[in-house]
Amino acid sequence: MKTRQTSKGKGLIRSANRASTRSKKARPSEARSGRLPEPSACERCGAVFSKRVWRQGRRVSGALLDTVRWTVCPACEQAGAATGLGRLLQRGDYVAAHETEIRRRIANVAARSAHTQPERRVSSIDRAGDALEVITTSQKLAHRLARELEKAFGGRVTYAWSDDGSLFASWKR
C-alpha cells in the first residue's frame, strides 16, 4: 500500500494503517448468541436492543411495539442462572459488623451501572460465615464494586483475571 506523504509529518501515514482494528467487530453478546434482529426487547426487564446495544428506560412507541421481537436479554439469562463473569468476595470481621452499609453501597453502585448499561447487574449476593460473595454479570461491574468498597470503607483489594474473561476480586478490611 502506497501512502501519501504530506508536509505535516507522519500522522497521516500512521492513521492509514492501524494495527488490530476491524470495522465490524462483534460485541460479546453477539459473539455468544448471534446477532439479534432489531428492534428486540427483553420480556423480563424491558430493555430494548437497538443499534446493537441493550438500553433500559427508553420510551417505546406503539409502532415499535408492533414490530418488536420479544426475547430474553443476556443479563437476565445470567441473573436467572446465577452465573456471571465477575465474582467479588468480601472477608473479615468488618464485613459482618457493617453488612447493611456494604449491601447498600453495592446496590447503589449496581443501580448506577444498570442505568446506562443494563447488561451489567448483580446476579446474586450470598453470605457464607464472615464472608459475603457477590456474583455479577460482567467483570467490569465486579471491578467497579471492589474499587468503590475500597474507596468508601478502606481496606485492600486484589484482582485475578482468568483466561475465560472472568474476574475474581477479593476485598478485605
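A few remarks follow.
- Neighbour-count order for 172, 51, fewest beta carbons within 10 angstrom listed first: 51, 172
- Residue-wise HN-Hα couplings along the stretch 62-77, as the Karplus relation 6.51 cos²θ - 1.76 cosθ + 1.60 with θ = phi - 60° gives them from phi, are x, 5, 5, 5, 6, 9, 6, 9, 7, 8, 10, 6, x, 5, 5, 5 Hz; Gly and Pro carry x.
- Percent of Cα pairs exceeding the 15 Å cut-off, where the set is the stretch 82-172: 53
- Given their separation in residues at 0.36 nm each and the Cα-Cα distance between them, residue 126 and residue 53 gain 23.3 nm when the chain is fully extended.
- In terms of other Cβ atoms within 10 Å, 45, 76 run from fewest to most in the order 45, 76.
- Cα-centre dipole for the stretch 32-72 with unit charges at Cβ (Lys and Arg positive, Asp and Glu negative), debye to 20: 240
- Relative to its Kirkwood radius, the Cα radius of gyration of the stretch 32-72 gives an Rg/Rh of 0.93.
- Column: log10 I(q)/I(0), Debye, Cα scatterers of the stretch 82-131, q = 0.27, 0.28, 0.31 Å⁻¹: -1.12, -1.16, -1.25
- Our note on the geometry: Cα centres of the stretch 48-82 and the stretch 100-173, 24 Å apart.
- Packing-based order for 80-92, 102-114, using average beta carbon neighbours within 10 Å, highest first: 80-92, 102-114
- For the stretch 82-172, a simple Cβ point-charge model (Lys and Arg +1, Asp and Glu -1, everything else neutral) yields a dipole of about 320 debye relative to the Cα centre.
- The stretch 104-173 - percent relative contact order, Cα under 8 Å, separation 6 or more: 23
- Residues 98, 143, 115, arranged from fewest to most other Cβ atoms within 10 angstrom of their Cβ, appear as 115, 98, 143.
- Spin-label model, residue 67 to residue 45: label points 7 Å out along the Cα-to-beta-carbon direction sit 2.5 nm apart.
- The stretch 43-173: antiparallel DSSP beta bridges as a percent of all, rounded to 5: 75
Where a number appears in this text, it was derived from the coordinates with a stated rule and is not lab data. The structure displayed is predicted, hence computed values, not measured ones. Note that we place each Cβ from the backbone using ideal geometry, even for glycine, and neighbour counts take in every protein chain shown.
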